[in-house]
């Protein structure tokens, strides 16, 4: 088909958004461009924040695992003795 343009749904939505900003809100095209640029910047920053939250979640999980390992090592290193046993051993060694 000659002289027929095909637009994606994204293109159509963007065109309608631009039309709304210019006609309903009275913006000029420079203002529309600035708004769209800022919205895209916000979207990129939100993506970055999500990625950083994922990294933080992994680090927190690793931190909890390491703390658990340390606590488990305490259980292996500590030896329970009958009450007063340590005091008797200390008096004998003097």
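Being in a helix (DSSP H, G or I), over 31 Å from the mean Cα position of the chain (by Cα) and at pLDDT below 95 narrows it down to one of 88, 5, 83, so name that one.
88 is the lone residue from the list that is in a helix (DSSP H, G or I), over 31 Å from the mean Cα position of the chain (by Cα) and at pLDDT below 95.
Condition check for residue 71 on (1) assigned to a helix (DSSP H, G or I); (2) modelled with pLDDT of 95 or more: one failure, at (2).
The values are calculated or read from the model by the stated rules, or taken from the named source; none is laboratory data. Just so it is clear, the model here is predicted, and its values are computed rather than measured.
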